[in-house]
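Structure record follows, encoded as structure tokens.
The values are calculated or read from the model by the stated rules, or taken from the named source; none is laboratory data. Predicted model only: the values in this text are computed from it and were never measured. Here the Cβ positions follow ideal geometry from the backbone for every residue, glycine too, while neighbour counts run over all protein chains shown.
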Amino acid sequence: MRFSALVEVRTRAGIADPEGATIEAALPALGFSDVANVHVGKAIRLEVEADSAEAARARLDELCRTFLTNPVLEDAELTLVGGQ
Amino acid sequence: MSARVGVVVFPGSNCEHDVVEAVHALGGTAELVWHGAGALGQVEAVVLPGGFAHGDYLRPGAIARFSPVMAAVRDYAADGGPVVGICNGFQVLTEAGLLPGALQKNAGLRFLCRDVPVRVEDSHSVLTAGVEVGTGLTLPVNHFDGNYTAERRTLDELRAEGRVVLRYVENPNGSVDDIAGVRNAAGNVVGLMPHPERACNPLVGGTDGRVLIGALLAAAGGGWARASSGAGEAQAPREMPARLSTAGSTPTSRQTA
């Protein structure tokens, strides 16, 4: 089966996110003072061929660990969108 | 002595000729080694230069570490061969697991391009052997992702083992503990954000980099590998998926005299 997936890569706590900080700093001037905790990451969409959702997840976990994130700086959240 | 330095060229490298010029100016010979090469040839030191390898896509160094030549660099480093990563090359070495830690974005959202004062903190490395600890140097920096960070345990280890090679005198980018360069345990692998190769000619702003490039040439010519007899270090490199395919690229080894 082919599974679609969304990988969200986020900076870990304590790692600089200057892009998020800059967006947040601009919000009051735009009238969005009620918005806070802005973080900017990456969204990576991909497809993987696997026998089951568990197998797809395991394969993509490995991909995240070895390539899509640098564990010193980043975490990843994996969402399987569905198989067909 | 004419030490032979291999300068690796990734797609997007842009400081390789600066390194070649500096090596030549100090009496060594240099050759460019394309990232698709499967071997390094008869070199006595390897430099990973600055730039934006593979466009810095995903993260600086993330894709470069799968370039075919990196397997040879890894083996060369494990055998004790001198390997220096400058700026983007430092980022590649951390991604490849040849040096600990990582380079995050500069504190302050600024690309930095200026001369900064640094201090030599350790002389047990191929880049600082023979350079007195405490020596002050002025070197250019030119980076957006130069803010060195590492896990607490790694930092403690680096400090305890004296593996911080260079520190900023005035921290320009937020690097933890003012770290500008680090080495592996054996001292044959060094990474630094400042560009010593761009400070080897008074015409372009200074000559403080000569002492470092000169030390590298001495280490290369003097056989650092033999002197440190099998001190290659297992850094527990990150798991490696299959190597990046170079199909469609042009794996030629460009040479300069």
Next item on the list: Taking the residues in segment A:36-45 that are surrounded by 12 or more Cβ atoms within 10 Å (Cβ to Cβ) and over 9 Å from the mean Cα position of the chain (by Cα) as candidates, determine which candidate is nearest to A:Leu60 (Cα to Cα).
Entry: A:Val40
Checklist line | Complete set of residues in segment B:179-196 that are out of contact with any strand residue (DSSP E or B) (no Cβ under 6 Å at 6 or more places or on another chain) and either over 24 Å from B:Gly97 (Cα atoms) or of a type in the set (Lys, Arg) (or both) | finding: none
Check: Of all residues in segment B:17-43 being surrounded by fewer than 23 Cβ atoms within 10 Å (Cβ to Cβ), in a loop (DSSP other than H, G, I, E, B) and not aliphatic (A, V, I, L, M), which is farthest from the other protein chains (Cβ to nearest Cβ)?
Finding: B:Gly27
Next item on the list: Name the residue, out of A:Glu49, A:Glu62, that is at pLDDT 95 or above and under 19 Å from the mean Cα position of the chain (by Cα).
Entry: A:Glu62
Next item on the list: Would you please name the residue that is nearest to B:Ala150 (Cα to Cα), looking only at residues in segment A:34-72 that are within 12 Å of chain B (Cβ to nearest Cβ) and of a type in the set (D, E, K, R)?
Entry: A:Arg65
Note to self: Testing B:Pro60 on (1) touching a residue at least 60 places away in the same chain (Cβ under 8 Å); (2) closer than 20 Å to B:Leu127 by Cβ; (3) of a type outside the set (Phe, Trp, Tyr); (4) within 14 Å of chain A (Cβ to nearest Cβ), one condition comes back false. Which one is that?
What the structure shows: (2)
Next item on the list: Hey, could you check segment A:1-23 for residues that are within 12 Å of chain B (Cβ to nearest Cβ) and among the charged types (D, E, K, R) and say which is farthest from A:Leu73 (Cα to Cα)?
Entry: A:Glu19
Next item on the list: Would you be able to tell me the number of residues in segment A:25-84 that are assigned to a loop (DSSP other than H, G, I, E, B) and on the phi < 0 side of the Ramachandran plot?
Entry: 19
Notebook entry, point to check: Do we have any residue at all in segment A:29-43 that's farther than 14 Å from B:Arg59 by Cβ, touching a residue at least 40 places away in the same chain (Cβ under 8 Å) and of a type outside the set (S, T, N, Q)?
Noted result: no
Next item on the list: Can you tell me which residue among B:Leu109, B:Leu93, B:Leu99, B:Leu139 is more than 11 Å from chain A (Cβ to nearest Cβ) and either farther than 28 Å from B:Thr207 by Cα or assigned to a loop (DSSP other than H, G, I, E, B) (or both)?
Entry: B:Leu99
Checklist line | Scan of segment A:1-32 for residues that are under 18 Å from B:Gly146 (Cα atoms) and among the polar types (S, T, N, Q), ordered by number | finding: A:Thr11
Item checked: Failed item, numbered, when B:Gly174 is tested on (1) buried (at least 17 other Cβ atoms within 10 Å of the Cβ); (2) under 19 Å from the mean Cα position of the chain (by Cα); (3) closer than 26 Å to A:Arg12 by Cα; (4) not aliphatic (A, V, I, L, M) -> (2)
